[in-house]
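Here is the structure we will look at.
Values in this text are rule-based calculations from the coordinates and carry no lab data. If you're wondering where the values come from, they're calculated on a predicted model, not measured in any experiment. Ideal geometry is used to build each Cβ from the backbone, glycine not excepted, and the neighbour counts take in all protein chains shown.
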Amino acid sequence: MIVKSQNDIPASEITDPLIFKQRRRIIKAMLATTIAGVGTSAVADDKSIGTNLPKGDFSGELLTPSPANLIKNYTNYYEFAFNKEDSTTLAQSLRIDPWSVEISGEVEKPGTYALEDVLRQQTLKEHIYRFRCVEAWSMVIPWVGFSLRDLLKSVKPLSTARFVKFTSVYQPEAMPRQRANAMLDWPYVEGLRIDEAMHPLTLLAVGMYGDFLPKQNGAPLRLVVPWKYGFKSIKAIVKIELLKTPPTTSWNKFSPGEYGFYANVNPSVAHPRWSQYSERQLGSGFFTPRRRTELFNGYGEQVASLYTDMDLRHFY
Ligand SMILES: Nc1nc2c(c(=O)[nH]1)N[C@H]1C(S)=C(S)[C@@H](COP(=O)(O)O)O[C@H]1N2
Ligand SMILES: [Mo]
């Protein structure tokens, strides 16, 4: 063992030991991934988090992440609570270790994969995305994850795979509103068209702010689809199915007139009860004006081609 003298402690550790320690944890996990897997040197040191962003992640715009304590304490997680606050504590009883993901349907290599085996194959990167909830608020979140397409490719989708269905965990003993059968038909289900699922912007996230995901934000594995309303970004995924036909999704089933299957962010298609023209930017300060919502949440350059010839008013 090498005992370091006081002088050898890096400046980062001295100035902000807490943040540095947190980052070390996820960096260690990422390094394990890199060493064991096919990845090269995605994360060679602390600095490469955040500097290793593939081009096209944020439309050339420099995004400043919203305060971490905001997104960790203002969450939508209806299995736990209807409000934005209570899931922070309630979700801590969720059991997430061990965790595995069942992949089935129209694939050559169906199976139940342990999360650590999935991660060993992937290179984790930071992706700073805008996040727009259908309730007309938004944040900027630095996710840590990998493209869903890389996982899907590894199980070899068949040409008959046209949709992807995602299912959240069913754990009624930990999730009070599953126990009470409240609101949605549990477990929570979401879906994408196969080309949306294969788009490089579509992530599976395991972390944010350089650390693992907090339970209330969807640990240990969640979807992130930055050009769609937040409800598409399903948390705590246990099952991924490749299908020939569109899956029935939770919110669409609950209220089809309000929540479409596509749910692409679109300022000119109002929700029946409110406008989607602009959004409240959470954490930006009281006097910051509302942001004008952009078509596809600003990711149009990357994703508009998925929807040519589609009437976005009809397919909302
Ligand atoms: N399983 C599950 N996933 C979910 C939800 C949920 O209630 N349960 N809420 C959705 C909604 S409405 C939003 S806006 C985002 C919120 O993500 P955040 O709480 O991490 O900000 O998660 C989405 N994923
Ligand atoms: Mo949402």
Links that overshoot a 25 Å alpha carbon limit, given the list LYS109/LYS253; LYS125/LYS244; LYS228/LYS253; LYS84/LYS232; LYS72/LYS253; LYS109/LYS165:
LYS109/LYS253; LYS125/LYS244; LYS72/LYS253
At a temperature of 25 °C and a viscosity of 0.890 mPa s, determine how fast segment 174-316 diffuses translationally according to Stokes-Einstein, using the Kirkwood radius over alpha-carbon pairs as Rh; express D in µm²/s, rounded to the nearest whole number.
146
May I ask for the Kirkwood hydrodynamic radius of segment 232-300, worked out over all distinct Cα pairs and given in angstroms to one decimal?
14.6
Scoring only Lys, Arg, Asp and Glu (+1, +1, -1, -1) among other residues with Cβ under 11 Å from the Cβ of GLU279 yields +4
With a Förster distance of 25 angstrom and the Cβ-Cβ distance between SER100 and SER154, calculated FRET efficiency to the nearest 0.05 equals 0.95
Which value in Å is the Kirkwood Rh of segment 64-178 over different Cα pairs?
16.8
List the residues whose amide H sits under 5 Å from the amide H of LEU221, counting only those 5 or more places along or on another chain, with H placed 1.01 Å from N in the peptide plane.
ALA236, ILE237
Among residues other than ALA174 whose Cβ falls under 15 Å from its Cβ, what is the net charge (Lys/Arg +1, Asp/Glu -1)?
+1
Output the peptides 221-233, 294-306, 174-186 sorted from most to least packed, where packing is the average of other Cβ atoms within 10 Å over each peptide's residues.
221-233, 294-306, 174-186
